[in-house]
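Have a look at the structure below before the remarks.
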2 protein chains.
Amino acid sequence: MFDPRSIAVVGASTNIDAMVNRNFLKPLVDHKYRGKIYPVNPRADEILGLEAYPSINQIPETVDFVVCAVPAEFVSRVVEECVEKEVKVIHIYSAGFSETGEPEGRELEQRIAHIACRGGVRIIGPNCIGIYCPSTGMSFYPNLSKEAGHMAFISQSGGFARGVTLMGEKKGIRFSKVVSYGNACDLNEADFLQYLANDAETKTIGAYIEGVKSGPRFVEALSEAAKKKPVIVIKGGRTTAGTRAVASHTGSMAGTDLLWDAICRQAGAIRVYDPTELIDLAEAFSYMRVLQGKRVGIICIGGGESVQAADECEAAGLVVPSFSQRVRQELLTVIDQVGTSVRNPVDTRPALADSRPFVKMTTMLTTCDEIDIVIIQVPVTPGLYPQGDRVIMGEIEAFIEASKSSSKPVTFVLPTYGSVDVAQFAFKITEKCHNAGFPVYPLVRDAAKAISRMAAYRQMNAVR
Amino acid sequence: MFDPRSIAVVGASTNIDAMVNRNFLKPLVDHKYRGKIYPVNPRADEILGLEAYPSINQIPETVDFVVCAVPAEFVSRVVEECVEKEVKVIHIYSAGFSETGEPEGRELEQRIAHIACRGGVRIIGPNCIGIYCPSTGMSFYPNLSKEAGHMAFISQSGGFARGVTLMGEKKGIRFSKVVSYGNACDLNEADFLQYLANDAETKTIGAYIEGVKSGPRFVEALSEAAKKKPVIVIKGGRTTAGTRAVASHTGSMAGTDLLWDAICRQAGAIRVYDPTELIDLAEAFSYMRVLQGKRVGIICIGGGESVQAADECEAAGLVVPSFSQRVRQELLTVIDQVGTSVRNPVDTRPALADSRPFVKMTTMLTTCDEIDIVIIQVPVTPGLYPQGDRVIMGEIEAFIEASKSSSKPVTFVLPTYGSVDVAQFAFKITEKCHNAGFPVYPLVRDAAKAISRMAAYRQMNAVR
């Protein structure tokens with residue numbers, strides 16, 4: 001499924017810019033997919049420079065994988081051809097099945113599932129965008145990274161499959177496998193979880209699930225996967241209106257919210273509530289050194305920011321201990337006392353002339369046995385000082401230098417105020433932190449939530 | 001205080017780029033402050049083209065307002081000079097007073113408060129950045145908007161005074177008065193609330209408060225203000241660590257969190273938990289038409305996004321009713337049924353060729369008596385279609401056109417995935433929505449929280 005020798009795209013269009021070409025056919029070419037690519041269209045000889053075929057049957061060689069992008073009423077015919085051709089997997093992009101809520105759609109879905117099952121063909125979908133797997137060159141969106149990584153994501157929503165991949169990329173996360181699997185009439189969440197649990201390329205698994213096909217099998221697959229690597233789950237449809245939306249989206253039964261809490265807890269998986277939280281936590285798992293506890297040391301530039309940071313950490317279930325006299329005295333050797341604090345949060349002033357005290361202060365915290373993790377918050381307000389860009393960049397570089405050799409996890413928080421220019425500058429320093437191996441969050445509340453969940457996960461796994 | 005005839009900046013520097021020049025003196029010139037400006041520095045004849053004076057006493061004319069930016073130990077001398085010169089208000093930027101937690105700092109603060117009080121001079125601060133008032137040309141940061149608006153913000157944190165102003169500007173909010181008042185040794189939150197309650201220029205008040213000087217007076221001022229206009233309050237120091245940070249920041253006593261909940265509820269003020277939430281809610285109050293109830297109609301492009309939107313609205317306390325058969329039938333005249341839903345959320349497909357159905361669909365919702373407010377979510381993924389920028393812009397324009405004459409409030413949600421380029425494009429369409437008079441949020445959860453709080457406020461005020 002993730003490494004087919006050949007792929008046929010049924011419904012490839014003579015209109016070069018059509019969605020199916022843009023999102024399925026062209027990315028295979030762009031990603032240098034290593035197998036053969038066969039566009040299938042009865043009215044074309046050639047599409048995007050590739051020889052086209054009128055039907056799957058007429059392709060002279062073996063076809064391992066089919067992308068099916070034709071209207072719903074033609075899909076069963078395509079599945080029959082897949083059976084004849086001994087195709088291994090068909091990804092059905094087409095919609096118009098059980099998610100319509102109409103008996104015809106449900107029956108059509110059952111029919112194609114039956115044809116495929118009897119004929120030994122496995123289905124991804126229908127009503128989904130399929131697979132992104134950079135290591136083999138499969139993709140569902142133009143211009144995604146060609147670099148493979150260690151995060152997997154399975155999703156009943158195509159929009160979230162795309163969205164999470166794009167959000168992850170922006171945070172420096174690279175993916176092993178992303179699967180959008182829609183209505184799941186054959187292959188489902190349990191199959192994918194089982195596979196990814198044993199996939200050496202995958203170190204963290206994310207999932208957006210609207211409903212499961214078999215409760216017991218799902219719980220078993222989730223538990224097995226969570227024993228081997230962190231599994232982060234968003235349950236779509238946790239309210240009355242959300243549950244109704246789930247029925248129209250993928251035709252799933254949503255299940256009760258409390259049940260999902262219990263399932264995740266028992267399986268050792270981590271429940272989050274939206275794609276942003278999922279990526280925030282994935283970022284923590286992908287960048288951070290191992291967390292030994294939940295005592296946080298905070299460095300802030302700014303008093304209100306310090307108060308807010310302390311409040312948000314404790315509200316998220318972390319502990320912000322007051323530093324001992326010994327640590328305070330040590331900090332006072334590098335921090336000017338006026339308008340600052342050394343109690344934790346350490347509230348310091350901008351390093352206008354000299355950022356060396358920042359290196360020392362950070363080293364004191366990363367080696368301090370009174371805390372388990374360091375949060376460094378630098379508000380991105382370059383307008384505040386002459387050459388403010390340089391001042392902030394100097395601070396960031398000092399923090400990075402001091403944190404590089406730390407055995408404690410360190411995370412950056414860069415709240416960004418102001419215009420597009422400032423946002424662009426913030427993007428640049430965020431990249432710098434990522435390249436040095438540190439996670440970056442826009443607000444302390446986001447960092448605190450991710451850290452708190454990671455701490456809970458570590459604790460849970462230490463017990464088991 | 002907000003409209004002095006003349007301002008002296010004590011501690012203006014011969015180093016042009018010094019913080020005090022950059023943040024206090026130069027902005028007065030840039031903002032075309034209409035009164036006289038007197039830099040005070042014993043070692044300068046002229047600063048930034050303005051005649052400088054060695055001390056306040058030597059200024060030949062009346063001085064209404066003094067910005068004091070000299071080290072703490074010299075402040076009492078400056079206050080004495082203010083008394084002699086019959087200055088009305090002194091803003092003390094200097095830190096090193098009660099917030100140090102040391103007896104010397106506390107005594108120094110008491111001493112200056114005493115000198116000022118006996119001499120009839122009012123103090124803003126110490127340990128704060130003072131006033132931004134665009135209508136008279138006062139400012140505390142370079143390059144803030146010169147346009148005046150209707151939002152006031154008072155803050156014990158200078159960082160948040162700046163941050164909230166900058167965040168607000170980005171959202172098209174303009175300010176009447178912003179006051180950073182730090183340790184509040186004389187003028188405090190109750191004074192400012194009382195003033196702003198009766199200030200015709202101000203329609204919404206925001207506040208970041210770490211501690212109050214007199215409980216009963218504060219409750220009275222808060223209630224009075226909240227009777228006249230929405231008052232949005234962040235309480236800094238709601239946890240143990242936050243309370244400790246408050247003590248080092250402004251030397252305030254934080255009070256218990258439950259007490260603050262009760263005070264806000266009884267006064268009719270709205271409590272939020274961080275500057276982002278404050279600006280989100282201010283945006284709702286500044287842009288939205290009057291909200292009659294909490295039934296939300298949602299238009300989404302994308303199925304997972306629809307589920308998530310429904311979940312987030314209901315989780316925030318809003319209601320997402322299922323549309324009646326009549327409304328569904330009407331929607332089906334403009335929405336293709338495959339891969340979509342008309343139950344609420346309305347899950348539709350991108351308007352690739354023709355955005356007129358979007359106009360019709362939106363009008364159906366804005367005139368539908370089954371809902372009180374419309375949320376329109378458009379994911380910003382321009383890479384998805386050829387000329388995706390144009391497709392998305394066309395959708396936004398159709399939505400705006402249909403919403404312009406709506407008597408129901410309409411709000412946009414524009415989740416942004418991907419790179420800096422996409423963020424820039426999102427910024428452009430956000431501006432378009434703001435210019436047309438609609439609020440914009442990055443995520444449904446942010447919009448839902450703001451709407452829910454606004455609905456609660458309307459309900460509370462309808463009852464009183």
Only unsatisfied item for A:Ser407, checking (1) touching a Gly at 6+ places or on another chain (Cβ under 8 Å); (2) part of a loop (DSSP other than H, G, I, E, B); (3) open to solvent by 30 Å² or more (accessible area, probe 1.4 Å), is (1)
Within segment A:322-333, considering residues that are open to solvent by 30 Å² or more (accessible area, probe 1.4 Å) and assigned to a loop (DSSP other than H, G, I, E, B), the one farthest from the other protein chains (Cβ to nearest Cβ):
A:Thr333
Filter result (part of a helix (DSSP H, G or I), among the charged types (D, E, K, R) and closer than 14 Å to B:Val40 by Cα) within segment B:55-80
B:Arg77
If you scan segment A:24-43, which residues turn out to be within 26 Å of the chain's Cα centre (by Cα) and either under 25 Å from A:Gly182 (Cβ atoms) or surrounded by 18 or more Cβ atoms within 10 Å (Cβ to Cβ) (or both)?
A:Phe24, A:Leu25, A:Lys26, A:Pro27, A:Leu28, A:Val29, A:Asp30, A:His31, A:Tyr33
For the list (1) at the interface with another protein chain (Cβ under 7 Å from one of its Cβ atoms); (2) surrounded by 19 or more Cβ atoms within 10 Å (Cβ to Cβ), I need the number of the one condition that B:Glu312 fails.
(1)
Note on segment B:295-309: residues assigned to a helix (DSSP H, G or I) and either within 23 Å of the chain's Cα centre (by Cα) or at the interface with another protein chain (Cβ under 7 Å from one of its Cβ atoms) (or both) are B:Gly303, B:Gly304, B:Glu305, B:Ser306, B:Val307, B:Gln308
If we keep just the residues of segment A:339-369 that are basic (Lys, Arg) and within 10 Å of chain B (Cβ to nearest Cβ), which is farthest from B:Ala72 (Cα to Cα)?
A:Arg343
Within segment A:162-196, how many residues are under 22 Å from A:Ala116 (Cβ atoms), in a loop (DSSP other than H, G, I, E, B) and charged (D, E, K, R)?
1
Out of B:Pro230, B:Pro216, I need the residue that is modelled with pLDDT under 95 and not β-branched (Val, Ile, Thr). Which one?
B:Pro216
Give the residue that is farthest from B:Lys177 (Cα to Cα), with candidates limited to residues of segment B:1-23 that are open to solvent by 20 Å² or more (accessible area, probe 1.4 Å) and among the hydroxyl-bearing types (Ser, Thr, Tyr).
B:Thr14
Of all residues making up segment A:250-294, the number that are within 13 Å of chain B (Cβ to nearest Cβ), farther than 20 Å from A:Leu193 by Cβ and more than 21 Å from the chain's Cα centre (by Cα):
3
Tell me whether segment A:228-243 contains one or more residues that are part of a helix (DSSP H, G or I) and more than 25 Å from A:Asn127 (Cβ to Cβ).
yes
Checking B:Asp336 against (1) more than 8 Å from chain A (Cβ to nearest Cβ); (2) out of contact with any Asp or Glu (no Cβ under 6 Å at 6 or more places or on another chain); (3) open to solvent by 10 Å² or more (accessible area, probe 1.4 Å); (4) not in a loop (DSSP other than H, G, I, E, B), the condition it does not meet
(4)
Taking the criterion of being more than 12 Å from chain A (Cβ to nearest Cβ), out of contact with any Pro (no Cβ under 9 Å at 6 or more places or on another chain) and surrounded by fewer than 23 Cβ atoms within 10 Å (Cβ to Cβ), would at least one residue in segment B:370-391 satisfy it?
no
All-but-one check, B:Ile205 against (1) closer than 18 Å to B:Phe153 by Cβ; (2) open to solvent by 30 Å² or more (accessible area, probe 1.4 Å), failing number (2)
Condition met for A:Tyr141 (more than 13 Å from the chain's Cα centre (by Cα) and not in a helix (DSSP H, G or I)):
yes
For segment A:341-362, name all the residues that are small (Gly, Ala, Ser) and out of contact with any strand residue (DSSP E or B) (no Cβ under 8 Å at 6 or more places or on another chain).
A:Ala351, A:Ala353, A:Ser355
Specify the residue that is farthest from the chain's Cα centre (by Cα); the eligible residues are those in segment B:84-117 that are more than 13 Å from every other protein chain (Cβ to nearest Cβ), open to solvent by 20 Å² or more (accessible area, probe 1.4 Å) and under 20 Å from B:Val10 (Cβ atoms).
B:Glu84
Looking at segment B:270-291, can you tell me whether even one residue there is without any contact (Cβ under 8 Å) to a residue 12 or more places away in the chain and buried (at least 18 other Cβ atoms within 10 Å of the Cβ)?
no
What pairs come out if I take residues in segment A:23-35 that are more than 12 Å from chain B (Cβ to nearest Cβ) and pair them with residues that are charged (D, E, K, R) and surrounded by fewer than 18 Cβ atoms within 10 Å (Cβ to Cβ) whose C-beta lies under 7 Å away, six or more apart or interchain?
A:His31/A:Lys146; A:Gly35/A:Arg5
Residue count, segment B:392-433, condition farther than 21 Å from A:Asp17 by Cβ and away from chain A (no Cβ under 14 Å), comes to 19
Being surrounded by fewer than 23 Cβ atoms within 10 Å (Cβ to Cβ) and in contact with a helix residue (DSSP H, G or I) (Cβ under 6 Å, 6 or more places away or on another chain) is the filter; apply it to segment A:155-178 and report the residue that is nearest to the other protein chains (Cβ to nearest Cβ).
A:Met167
Residues that are under 18 Å from B:Ile396 (Cα atoms) and in a loop (DSSP other than H, G, I, E, B), drawn from segment B:346-379
B:Arg349, B:Pro350, B:Ala351, B:Leu352, B:Ala353, B:Asp354, B:Ser355, B:Val378, B:Pro379
Determine which member of the set A:Glu210, A:Glu201 is modelled with pLDDT of 90 or more, more than 8 Å from every other protein chain (Cβ to nearest Cβ) and more than 30 Å from B:Ser180 (Cα to Cα).
A:Glu201
When every residue in segment A:44-54 that is open to solvent by 10 Å² or more (accessible area, probe 1.4 Å) and assigned to a strand (DSSP E or B) is compared, the one farthest from A:Arg22 (Cα to Cα) is A:Tyr53
Members of segment B:417-445 that are out of contact with any Leu (no Cβ under 7 Å at 6 or more places or on another chain) and crowded, with 23+ Cβ neighbours inside 10 Å
B:Cys433, B:Phe438, B:Pro439, B:Tyr441, B:Val444
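The values are calculated or read from the model by the stated rules, or taken from the named source; none is laboratory data. Computed from a prediction, not measured in an experiment: that's the story for all the values here. As a convention, Cβ positions derive from the backbone with ideal geometry for all residues, glycine included, and neighbour counts pool all protein chains shown. The protein model used for the area step is the full one, side chains on, heavy atoms only, and it has no ligands, DNA or RNA in it. Shrake-Rupley method; radii C 1.70, N 1.55, O 1.52, S 1.80 Å.
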